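Q: Sending over a structure as structure tokens; questions will come in a sec.
The values are calculated or read from the model by the stated rules, or taken from the named source; none is laboratory data. Computed from a predicted model, the values in this text were never measured in an experiment. No Cβ is skipped: glycine too gets one built from the backbone with ideal geometry, and neighbour counts run over all protein chains shown.
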């Protein structure tokens, strides 16, 4: 097949307050913790790379957290386009000043081969340009690479390496490719795209920007793109499965005018997408059923789950026991509706795209993990962490008061301003090694505060940035 062209270009498009950068290569307490609800115990903060790897995405390392995948579209003649779509945070690169902004460079190498022959070898350097230092520190999906390879149907092995030219940080990953045959009647797997331009002929190169992570934010509605050659079929059906149960379907008409390639674009409604579930999309064209595509819904940056019970573990402090039980026990067909209603109920400002309550909530989980961890006990699962995540940092703290009887020290947390009502909670270190647990009376007072906060219309949204100052008083 020969080597692909390495004619690369850098483009920029906007999604939110900062630019996304696209490189496109058309190259061919020791005591028990307080729980609200019966979710299973977890022992660490979620790891998005582990989630993506479990779904067979290409993944980098924690120091270079890239995520990507190969997807397939019909190509000219008897070939198929294997599209490599990859993204990583700008903070993985080392930038230097180059007026009018800053620049970073990375090298991407890709080898595609079968058991005998190397069919494609890509080795090129990409520039990433930004205007402000703020953009260089982005930890979200912000740098994109996309490459197109023309392959004949069959099985291949791919090796991908990405390396920052300044710091030499990077990753190496292998992938197995099963390239489908699109020479006869077919329907492609649904693709999730940021931008797309439908084409009418397989000979035309695809013009689209794919979502490498197939991930949307809670409340988002993904754009789905499908190509087909239908034969006698007149309609295309796109289906959504939630934990392997069909939960939604949309029927789309095919163009009545014959064409070498039929294309369909659809939007999946946001309110039927349940975070914390294994979501898959597939397309059905008569008797033909496409390969499935994973779809993920993120509760926040780094907060991605594909298991409902695991997600509920992290939401254990966000509502009353009754509210959380309703979410935890929801059947797959009901999960999305209940979760979206709960999400909206907690949102203090629906006019903004962010949910400020959950941004602060997840920030406090991370903060509590840093502040209160004990050997064998993640900080957010201790009594100190439970109170901190639920009520926010205390307004006042009194430490090391001697209690009788009892061998350990204590601390008292006072909430006399931030909640709108007074709460006084006493934590005692029974073991003498820092494992502070709530006293029985304080535990009862804490649960009463939870009911009072979450049963009303209020949604606690304390800024985690205030934590250090208030705890240090």
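Q: Specify which of the listed residues (166, 203) is outside any strand (DSSP E or B) and closer than 18 Å to residue 76 by Cα.
A: Unique residue meeting the criteria: 203.
Q: Something else about it: Among the candidates 231, 219, single out the residue that is assigned to a loop (DSSP other than H, G, I, E, B), surrounded by 16 or more Cβ atoms within 10 Å (Cβ to Cβ), at positive phi and at pLDDT below 95.
A: 219
Q: Taking segment 249-277 only, how many residues are surrounded by fewer than 17 Cβ atoms within 10 Å (Cβ to Cβ) and touching a helix residue (DSSP H, G or I) at 6+ places or on another chain (Cβ under 7 Å)?
A: Count: 1.
Q: Looking at (1) over 16 Å from residue 89 (Cα atoms); (2) surrounded by 19 or more Cβ atoms within 10 Å (Cβ to Cβ); (3) touching a strand residue (DSSP E or B) at 6+ places or on another chain (Cβ under 6 Å), which is the only condition residue 162 fails?
A: Condition (1) is where residue 162 drops out.
Q: Would segment 67-82 turn up any residue that is within 23 Å of residue 130 (Cα to Cα) and either modelled with pLDDT under 95 or in the same structural domain as residue 290 (by TED's automatic domain parsing) (or both)?
A: Yes, some residue in segment 67-82 is within 23 Å of residue 130 (Cα to Cα) and either modelled with pLDDT under 95 or in the same structural domain as residue 290 (by TED's automatic domain parsing) (or both).
Q: Return the residues of segment 92-105 that are surrounded by fewer than 21 Cβ atoms within 10 Å (Cβ to Cβ) and touching a helix residue (DSSP H, G or I) at 6+ places or on another chain (Cβ under 7 Å); say none if nothing qualifies.
A: Within segment 92-105, just 102 meets the criteria.
Q: Looking at 143, 130, can you tell me which residue is touching a helix residue (DSSP H, G or I) at 6+ places or on another chain (Cβ under 7 Å) and farther than 20 Å from residue 210 by Cβ?
A: 130
Q: Further question: If you check 359, 396, 334, which single one turns out to be surrounded by fewer than 18 Cβ atoms within 10 Å (Cβ to Cβ), at pLDDT 90 or above, in contact with a strand residue (DSSP E or B) (Cβ under 7 Å, 6 or more places away or on another chain) and closer than 30 Å to residue 241 by Cβ?
A: 359
Q: Of all the residues that make up segment 341-358, how many are part of a loop (DSSP other than H, G, I, E, B) and over 18 Å from residue 221 (Cα atoms)?
A: Going through segment 341-358 one residue at a time, the tally reaches 3.
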